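What follows draws every value from the coordinates through simple rules; no lab data is involved. All of these numbers come straight from a predicted model, not from anything done at the bench. Don't worry about glycine lacking a Cβ; one is built from the backbone with ideal geometry, like all the others, and counts go over all protein chains shown.
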Amino acid sequence: MNIYADNAATTKMSDRAIQVMTDCMRNYYGNPSSLYRIGQRAKEKLEEARLEIAKLINAEPREIIFTSGGSESDNQALLSAAAAGKRKGKTHIISTAFEHHAILHTLKKLEQNGYEITLLPVHENGIVRTDELEAAIRDDTCLVTVMTANNEIGTIQPIKEIGGLCRQRGVTFHTDAVQAVGHLHIDVKEQNIDMLSASAHKFHGPKGTGFLYCRRGVALSNLIEGGAQERGKRAGTENLAGILAMTAALKDSVAEMDMHNEHKRAIRDRLIKGLSEIPHSALNGDAEKRLSGNVNFCFEGIEGESLLILLDRKGISASSGSACTSGSLDPSHVLLAIGRVHDVAHGSLRLSIGEDITGDEADHIIKSVKEVVEYLRGFSPVWRDLMTGKREFIL
Ligand SMILES: *Cc1c(COP(=O)(O)O)cnc(C)c1O
């Protein structure tokens, strides 16, 4: 049995996206900037895709910039909003402690360049409080960036309310919606979003393709210098095959979203119920306000890495912390942000399920995790100390 339960890291491309991609590579190889028909046909396809993507999030085509993915979109949005702020003498930025590193590392860089950064807490449930956000907004705040859904614990943030507060105070609001686009309903107008980042490979599209939504009237500067593609906001010959495949993948994801969410939610809750039976374990993040595909647990007395290796032997691909931090000894900044202590945060497991998962597969996961946790605790010195009372249980 092979169960892929790491869809938050990346998803498998859909057959249709692969079909569209190869078809484009064969038939629309022209450069969209060229004047002859082969180039212009590619340009038409590009603009059709832009229109389609815009419709899917209730934006206008000119508000969509194609990029190489979530990280690039995040970098461009933040650096751009920060530069626009500075022009008005505003250099304060608000974000949260559990953003993706594409946000946190960009904020670090801005901080080194004289910006002041406020990182809001996300509390035990992994959700930002709007009253705390409101209190943090100052006259010199130029940007608020809060992710729509967290990539590790799946918690969903009150984006519409945050956007509303920002709108009232004249502050630009960006959201890293990489985990949400294709999985949750997004309506940039209704949700008061000024800038939004998305990535194709998180919704069955290809890697290395994404987009940035930037509301008309919100200043956008380019990250990559060069040609005049994307209205001068993102130089470089367009990755048309990737863009068309992303568009097909997003169209399908949005069309099937409700059905998939209902199925995944049922399986998610079955996994949560089953894994909660493991003694000294705890679910990370709010049980309800979370992505339908996300299950994240801490198990006391074990190492997440060992758990993953043994689960892989049982045919289960899962994750512990984020892919970027695994391999390092630092525990996940997300789990620390929700108040898990280092030792407990080390024993974490993230299962991010796809819509094709079956009930039998969920039962296999539960059985395997139970076996592996018990096995690892069997020779864990930490567990022995906990059992003999030398150390106190936290969970
Ligand atoms: C995956 C991810 C990113 C990075 O997207 P890439 O397309 O891989 O660069 C950014 N933010 C979040 C929340 C993600 O899950």
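General remarks:
- Amide H contacts for Thr67 (H built 1.01 Å from N in the peptide plane; partners 5 or more residues away or on another chain; cut-off under 5 Å): Gly210, Phe211, Leu212.
- Highest-fluctuation residue, Gly70, Gly164, Gly293 considered, GNM on the chain with Cα pairs under 10 Å: Gly164
- Spatially, segment 107-135 and segment 269-317 are offset by 28 Å when compared through their Cα centroids.
- GNM result for the chain, Cα springs below 10 Å: residue of Lys370, Lys88, Lys207 fluctuating most strongly: Lys88
- Of Lys109/Lys233; Lys289/Lys390; Lys109/Lys189, those spanning more than 32 Å from alpha-carbon to alpha-carbon: Lys289/Lys390
- Anisotropy class of the chain from Cα gyration tensor, a/c 1.5 cut: oblate
- For segment 368-393 and segment 177-245, distance of Cα centres in Å: 46 Å
- Residue by residue, segment 209-217 carries 3J(HN,Hα) couplings of 9, x, 8, 10, 8, 9, 4, 4, x Hz when phi is fed to the Karplus relation 6.51 cos²θ - 1.76 cosθ + 1.60 (θ = phi - 60°); x denotes Gly or Pro.
- Mean ellipticity per residue at 222 nm, deg cm²/dmol - from DSSP H runs of n ≥ 4 across the chain, formula -39500 (n - 2.57): -13000 deg cm²/dmol
- Along segment 40-57 the Karplus relation, 6.51 cos²θ - 1.76 cosθ + 1.60 evaluated at θ = phi - 60°, assigns HN-Hα couplings of 5, 5, 5, 4, 4, 4, 4, 6, 4, 5, 4, 5, 5, 4, 4, 4, 5, 10 Hz to successive residues, with x for each Gly and Pro.
- Computed log₁₀ I(q)/I(0) - Debye formula, equal Cα scatterers, no solvent, segment 30-146, q 0.15 Å⁻¹: -0.80
- Residue-count net charge about Glu225 - beta-carbon cut-off 15 Å; Lys, Arg +1, Asp, Glu -1: +1
- For segment 257-388, the spread of Cα positions along each principal axis, largest first, Å: 47, 29, 24
- Bridge orientation summary for the chain: considering DSSP beta bridges with both residues in this region, about 50 percent are antiparallel.
- Average silhouette area of segment 113-175, convex hull of alpha-carbon atoms, in square nanometres: 4.6 nm²
- Euclidean distance of C-alpha centroids, segment 137-170 and segment 251-266, integer Å: 25 Å
- Local charge for Lys43 was computed over the other residues whose Cβ lies under 11 Å away, with Lys and Arg +1 and Asp and Glu -1, and equals 0.
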